Amino acid sequence: MREWTDEVTHLVVQIDRQARRSQEPRLASFVVFLGNDTQAAEQHLKELAAHHGLARTPLTIYRDSAEKLTQVLGITPDMKLAVLTWRGGEVQSLHGFVQAHLTPAQHERVLADVRAVAP
């Protein structure tokens, strides 16, 4: 994620709730910030996690090359938000958004994929 919006916050909270409800005790989700101002982002992410009581969704900062994101995960530089679901070490879905303002339909499609890997 390169931009944090209220829609992104709501989505992260919903993903964290799904992870907590899952029958898989080792299931977790994580959010990776991809922006340039990592120092300001770090404080912001800590505050968000505490405020929303995120239990199974660590908020992290990516500090590797942008090329690696594209090569390994398919996250392109134009994406403001990318949500991946994984199972067994393999990517099951990738939702990439060039805007971090999600419509209700986009939000629901992401959560449907999360529910599919975290029953």
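What single numbered condition from (1) surrounded by fewer than 12 Cβ atoms within 10 Å (Cβ to Cβ); (2) under 17 Å from MET1 (Cβ atoms); (3) at pLDDT below 85 fails to hold for GLY35?
With (1) surrounded by fewer than 12 Cβ atoms within 10 Å (Cβ to Cβ); (2) under 17 Å from MET1 (Cβ atoms); (3) at pLDDT below 85 applied to GLY35, the lone miss is (1).
Taking the range 3-32 on its own, how many of its residues are crowded, with 17+ Cβ neighbours inside 10 Å, touching a residue at least 60 places away in the same chain (Cβ under 8 Å) and either among the aromatic types (Phe, Trp, Tyr) or within 15 Å of LYS80 (Cα to Cα) (or both)?
Residues flagged as crowded, with 17+ Cβ neighbours inside 10 Å, touching a residue at least 60 places away in the same chain (Cβ under 8 Å) and either among the aromatic types (Phe, Trp, Tyr) or within 15 Å of LYS80 (Cα to Cα) (or both) within the range 3-32 amount to 4.
Under 20 Å from ARG17 (Cβ atoms) and modelled with pLDDT under 85: is that true of VAL83 in this structure? Steps first, answer last, please.
On the way: under 20 Å from ARG17 (Cβ atoms): yes; modelled with pLDDT under 85: no.
Against the criterion (under 20 Å from ARG17 (Cβ atoms) and modelled with pLDDT under 85), VAL83 does not qualify.
Which pairs have Cβ atoms under 8 Å, sit 6 or more apart or on different chains, and link a residue in the range 83-108 that is in a strand (DSSP E or B) to one that is among the β-branched types (Val, Ile, Thr) and loosely packed, with under 13 Cβ neighbours inside 10 Å?
Going by the 8 Å Cβ cut-off, the qualifying pairs are LEU84/VAL91; THR85/VAL91; GLY96/THR76.
Restrict the check to the range 41-59 and report whether at least one residue is on the phi > 0 side of the Ramachandran plot, at pLDDT 85 or above and exposed (fewer than 15 other Cβ atoms within 10 Å of the Cβ). First the steps, then the outcome.
As a first pass, look at the range 41-59 and keep what is on the phi > 0 side of the Ramachandran plot: 53.
Right, trim to at pLDDT 85 or above and you get 53.
Next, from what is left, pick out any that are exposed (fewer than 15 other Cβ atoms within 10 Å of the Cβ): 53.
Within the range 41-59, one or more residues are on the phi > 0 side of the Ramachandran plot, at pLDDT 85 or above and exposed (fewer than 15 other Cβ atoms within 10 Å of the Cβ).
Go through the range 18-32 and give me each residue that's at pLDDT 80 or above and of a type in the set (S, T, N, Q).
GLN18, SER22
With respect to LEU69, is the statement that it is assigned to a helix (DSSP H, G or I), aliphatic (A, V, I, L, M) and within 12 Å of the chain's Cα centre (by Cα) true?
Against the criterion (assigned to a helix (DSSP H, G or I), aliphatic (A, V, I, L, M) and within 12 Å of the chain's Cα centre (by Cα)), LEU69 does not qualify.
Look through THR76, THR60 and report the one residue that is among the polar types (S, T, N, Q) and within 21 Å of VAL13 (Cα to Cα). Give the derivation first.
Details: THR76 fails: within 21 Å of VAL13 (Cα to Cα).
Being among the polar types (S, T, N, Q) and within 21 Å of VAL13 (Cα to Cα) holds for just one of THR76, THR60, which is THR60.
The values are calculated or read from the model by the stated rules, or taken from the named source; none is laboratory data. These figures come from a predicted structure and were not determined experimentally. Neighbour counts run over all protein chains shown; Cβ positions are idealised from the backbone, glycine included.
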